[in-house]
1. Tally the residues that are without any contact (Cβ under 8 Å) to a residue 40 or more places away in the chain and among the small types (Gly, Ala, Ser), restricting the search to region 48-75.
2. Give me a count of the residues in region 59-76 that are within 17 Å of Met34 (Cα to Cα), surrounded by fewer than 16 Cβ atoms within 10 Å (Cβ to Cβ) and small (Gly, Ala, Ser).
3. Condition check: touching a strand residue (DSSP E or B) at 6+ places or on another chain (Cβ under 8 Å), aromatic (Phe, Trp, Tyr), at pLDDT 95 or above and open to solvent by 30 Å² or more (accessible area, probe 1.4 Å). Does Tyr94 satisfy that?
4. Where residues in region 49-86 are over 14 Å from the mean Cα position of the chain (by Cα) and among the hydrophobic types (A, V, I, L, M, F, W, C), which of them is modelled with the highest pLDDT?
5. Can you tell me which residues in region 18-53 are open to solvent by 50 Å² or more (accessible area, probe 1.4 Å) and closer than 15 Å to Ala105 by Cβ?
Amino acid sequence: QVQLVESGGGLVQAGGSLRLSCAASGRNFRNYAMGWFRQAPGKDREFVASISGRSGNTYYADSLKGRFTISRRGGWNTVALQMNSLKPEDTAVYYCAADSSGVVASTPQEYDYWGQGTQVTVSS
């Protein structure tokens, strides 16, 4: 059974940093693209970043480039999101997702599996 479990969320002051982690299990995710999305209350789910399978190509939402970094850590089944210079508007539930196509993707419909999310709250 495929399972994605996010961790690392919490409360942080504006300007601070957080590192989210996603542990995927149930199969080898080497050929999967992995992505991060976020959803704030009353808003649609928003693309954050994606990393392709094998080659590790990355793709970011334009508004987040330079502050957020996606990477695979400790093997193909773990993906991290380093978030720096956090702002109150970054407050949201952050979701990890896996896409069997292996290619970076920015729309939720392209992803096959999702985690339950982890809350990130940035105070001003």
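1. Step one: filter region 48-75 for residues without any contact (Cβ under 8 Å) to a residue 40 or more places away in the chain, giving 49, 55-56, 60, 62-72, 74-75.
Restricting the remaining residues to those that are among the small types (Gly, Ala, Ser) gives 49, 55-56, 63, 66, 71, 74-75.
Adding up the residues that qualify gives 8.
2. So the count comes out to 3.
3. no
4. Leu86
5. Asn31, Arg45, Glu46
The values are calculated or read from the model by the stated rules, or taken from the named source; none is laboratory data. Quantities reported herein were computed from a predicted structural model and do not represent experimental measurements. Using ideal geometry, Cβ is built from the backbone for each residue, glycine included, and neighbour counts are taken over all protein chains shown. Protein only, heavy atoms only, side chains kept; ligands, DNA and RNA dropped before computing areas. Shrake-Rupley method; radii C 1.70, N 1.55, O 1.52, S 1.80 Å.
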